[in-house]
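The structure appears below as structure tokens.
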Ligand SMILES: Nc1ncnc2c1ncn2[C@@H]1O[C@H](COP(=O)(O)OP(=O)(O)OP(=O)(O)O)[C@@H](O)[C@H]1O
Ligand SMILES: O=P(O)(O)OC[C@H]1O[C@](O)(CO)[C@@H](O)[C@@H]1O
Ligand SMILES: [Mg+2]
């Protein structure tokens, strides 16, 4: 059993890569289609499969194939970046261009400006020719060299643009929306019987893409947040009953807030979308905060953007152009409520909202390594004719996973997980809060 990736057809061209097929010659081997990794590594899964006499669910190993679907001498690729910014987008663009050009000798590589909007000819954005020379330094900068956008575009119109411009492979770098979008493009391509491959490279600082170990850029974003927490702690500790509140991004999942707090262990309370805490009463937020202040005379609180939405009065839901819910401002709300609660006590509140700063930075070294490797694997899978897949790490191995598998639901912090327990151990936050 396996997460079966779709293929455009039978590969008919030999790879130009000078790789090996035997072990022991100190040359990297082509990856065979039969090479897999078990998805669920737990002993429970192992015994269940044994008992039922079934093969465990497997994932396809990423890497260069010996046989290609696309003829390297006559292939055009395009790259699009959509959704919010994220550290490492430029590294991925650069890696894809370098791999296509230098490994496979592909000369026509097009950059799609401003996200899916760039595939709508009516917008008049045109394409950017991508060459190694053009992209060689872009990893030094944050943001996206190609520009991005949110908002729906007509899928069949985008497919027409690909076909009319003789694009054989589309690489889409983005979050859950982008991945759903490129899967829809892949579905329409199949309906029309076209030989165009589509690949997703999961990007999001929120780290909320299901199944995969982590999305690129996530680590850099909480790395940047870490130094902000360090300084916020100085502010809090510098005043009697000093309270620093730091709001970090994280629309529906609290990974940035929780990881930043673990990375910079000066934090006392972490509020995430996954927990339903209350402010007043026994085991409430104020009780925990009062306790902390009485013991240490300062407190650092990290709140994720999507936390505590249940505390607001019901209002009309506001959505962005892509249909993502825009949350009410929990940071300012907490600041006001803390001020009101402690009005008869001497407290000093410092409110910090680093907002976009944590996602517009260039990738750190760890993310840079990850981005390059994702880009190379994306190119190898695409050249072999695989389509509607994402490339990522699962259980620390690079694999190809059907897009539909990773977009079914959002990844969230499991409050019973060792990860969340480690956050509680690091912060001293009680279990009962939330
Ligand atoms: N089901 C879908 N079908 C087609 N296109 C979609 C679908 N969902 C989202 N898109 C498109 O994908 C693009 C990016 O989506 P979105 O703005 O939600 O960002 P994202 O990729 O999820 O990244 P982020 O993590 O920053 O939110 C938008 O142009 C959006 O219209
Ligand atoms: O304001 P924008 O650019 O639409 O994006 C904000 C959202 O994007 C994210 O950074 C994810 O990309 C979320 O954490 C945040 O809610
Ligand atoms: Mg999204």
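Readers should treat all values here as calculations from the given coordinates under stated rules, not as data from a laboratory. What you see is a predicted model; the values in this text were computed from it and never measured. Here the Cβ positions follow ideal geometry from the backbone for every residue, glycine too, while neighbour counts run over all protein chains shown.
Of note:
- When the chain is treated as a Gaussian network with alpha carbon springs shorter than 10 Å, the biggest mean-square fluctuation among 190, 299, 321 belongs to 321.
- Summarising the label geometry, the points placed 7 Å from Cα in the beta-carbon direction at residue 160 and residue 311 lie 5.0 nm from one another.
- Degrees separating the helix 155-164 axis from the principal Cα axis of the chain, which is the longest one: 40 degrees
- Between residue 417 and residue 276, the simple spin-label model (points 7 angstrom out along Cα→Cβ) gives 2.1 nm.
- For the chain, share of DSSP beta bridges that run antiparallel, in % to the nearest 5: 35 percent
- Here the peptides 359-370, 171-182 are ranked by packing, the mean other Cβ count within 10 Å, and the order with the highest first is 171-182, 359-370.
- 0 to 90° range, to nearest 10: angle between helix 285-296 axis and the chain longest Cα axis: 70 degrees
- Highest-fluctuation residue, 67, 316, 213 considered, GNM on the chain with Cα pairs under 10 Å: 316
- Of the residues 342, 145, 286, the one that moves most in a GNM of the chain with alpha-carbon contacts below 10 Å is 342.
- At R0 = 41 Å, FRET efficiency that the Cβ-Cβ distance of residue 356 and residue 134 yields, to 0.05: 0.95
- Contact order normalised by residue count of the chain, Cα under 8 Å, 6+ apart, percent: 23 percent
- For the pair residue 40 and residue 231, a Förster radius of 45 Å applied to the C-beta separation gives a FRET efficiency near 0.60, rounded to the nearest 0.05.
- Ascending count of other beta-carbon atoms within 10 Å, so fewest first, for 51, 187, 295: 51, 295, 187
- Residue-span extension gain [residue 410 to residue 52] - 0.36 nm each, minus C-alpha spacing: 125.9 nm
- Using just its DSSP H runs of length 4 or more, each adding -39500 (n - 2.57), the chain gives a mean residue ellipticity at 222 nm of -9500 deg cm²/dmol after division by all residues.
- Extension gain, residue 340 to residue 395, is 15.1 nm, computed as 0.36 nm per intervening residue step minus the present C-alpha separation.
- Helix 43-52 axis, angle to the chain major axis (alpha carbon atoms, nearest 10°): 50 degrees
- Gain in span if fully extended, residue 286 to residue 18, counting 0.36 nm per residue against the direct Cα distance: 90.1 nm
- Each label was represented as a point 7 Å from its Cα along the Cα-to-Cβ direction; for residue 123 and residue 332 these points are 3.0 nm apart.
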